[in-house]
Amino acid sequence: MARRNRSNNLVVPQATGALQQMKTEAAQALGITIPQDGYYGNMTSRETGSLGGYITKKLVQMAEQSMGGTGRMQ
């Protein structure tokens with residue numbers, strides 16, 4: 001297995017579990033299978049982009065709701 005050189009370190013390391021759960025839920029909603037070994041190199045750009053976009057959309061909705069917004073995208 002290749003060594004990981006991550007440049008996107010979490011500001012709150014305890015959020016790892018919540019982010020993994022969100023990734024799993026997003027993948028299920030989109031019908032994408034997440035690799036068991038954690039290597040995303042065999043996934044298409046469309047799949048990984050859709051997954052990242054879905055997660056970003058949900059995070060924005062959560063932030064809007066916590067700020068008193070409606071959380072709906074228009």
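What follows draws every value from the coordinates through simple rules; no lab data is involved. These figures come from a predicted structure and were not determined experimentally. All Cβ positions, even for glycine, are placed from backbone atoms using ideal geometry, and neighbour counts span all protein chains on display.
Overview of results
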{"read-out": "Residue in the range 9-38 that is surrounded by the fewest Cβ atoms within 10 Å (Cβ to Cβ), counting only those that are among the hydrophobic types (A, V, I, L, M, F, W, C) and farther than 17 Å from Gly52 by Cβ", "value": "Val11"}
{"read-out": "Single residue of the range 45-70 satisfying the filter (more than 19 Å from Gln20 (Cα to Cα) and in contact with a helix residue (DSSP H, G or I) (Cβ under 9 Å, 6 or more places away or on another chain)) that is surrounded by the most Cβ atoms within 10 Å (Cβ to Cβ)", "value": "Gly69"}
